[in-house]
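What follows is a single structure, written as structure tokens, with notes after it.
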């Protein structure tokens, strides 16, 4: 009997043109205003970039899979867990020149650890979308000061903190 894979699915409409939304996701000079604190570079197909978040000292490698300008971004990462998952971000242009952003993440088994991952990362991607929307539509950083890391149940990933 095979174990069912868990899949996160979340989406939100951003009232900005698709090119602005795409750039805000792949360009760390934008992403650092709402999601990460640092990146080793822009997301480019076939490259590995390293993300650091304001709440964690740990650096997270992100293996960029596919990029279709203004349409699609996929990458693999390990987040705070040791298991690599695939994230897919799809952008759809709406009739009012806004952008519908859909995110899926998958690669975890339907077990106790997987359920913890599903809960945490679903909240994380919903937060990502809210922060992206706030940044692009209103120029504010919702993430700044939003998390009390001492209250977050974080499991170390084993990533080298000094990379």
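The values are calculated or read from the model by the stated rules, or taken from the named source; none is laboratory data. What you see is a predicted model, and the numbers here were worked out from it, not measured in a lab. Quick reminder, even Gly has a Cβ in these numbers, built from the backbone with ideal geometry, and neighbours come from all protein chains shown.
Wholly within the range 61-109, which strands (runs of 3 or more DSSP E) include no fewer than the required count, namely at least 2 residues that are touching a residue at least 40 places away in the same chain (Cβ under 8 Å) and crowded, with 19+ Cβ neighbours inside 10 Å?
On the way: elements: 72-77, 85-93, 99-109.
Passing ranges, in order: 85-93, 99-109.
Within the range 35-49, work out how many residues are part of a loop (DSSP other than H, G, I, E, B) and at pLDDT 95 or above.
Just the residues of the range 35-49 that are part of a loop (DSSP other than H, G, I, E, B), to begin with: 35-37, 40-47.
Those still in the list that are at pLDDT 95 or above too: 40-47.
Looking only at that region, the number is 8.
Would you point out the residue of the range 50-60, among those that are more than 13 Å from the chain's Cα centre (by Cα) and either within 16 Å of residue 22 (Cβ to Cβ) or buried (at least 16 other Cβ atoms within 10 Å of the Cβ) (or both), that is modelled with the highest pLDDT?
Pass one, the range 50-60, residues more than 13 Å from the chain's Cα centre (by Cα): 54-59.
Right, trim to either within 16 Å of residue 22 (Cβ to Cβ) or buried (at least 16 other Cβ atoms within 10 Å of the Cβ) (or both) and you get 54, 56, 58-59.
Working: 54: 82, 56: 77, 58: 82, 59: 89.
Among them, the one singled out is 59.
Of the residues making up the range 129-149, one or more are modelled with pLDDT under 90 and part of a helix (DSSP H, G or I). The residues of the range 1-34 that are out of contact with any helix residue (DSSP H, G or I) (no Cβ under 6 Å at 6 or more places or on another chain), under 16 Å from residue 131 (Cα atoms) and part of a loop (DSSP other than H, G, I, E, B), listed by number, are 27, 32.
Residue 38 falls short of the stated requirement of being without any contact (Cβ under 8 Å) to a residue 60 or more places away in the chain, under 27 Å from residue 5 (Cβ atoms) and surrounded by fewer than 18 Cβ atoms within 10 Å (Cβ to Cβ). Go through (1) at pLDDT 95 or above; (2) touching a strand residue (DSSP E or B) at 6+ places or on another chain (Cβ under 6 Å) one by one and return the number of the condition residue 29 breaks. Evaluating residue 29 over (1) at pLDDT 95 or above; (2) touching a strand residue (DSSP E or B) at 6+ places or on another chain (Cβ under 6 Å) leaves (2) as the failure.
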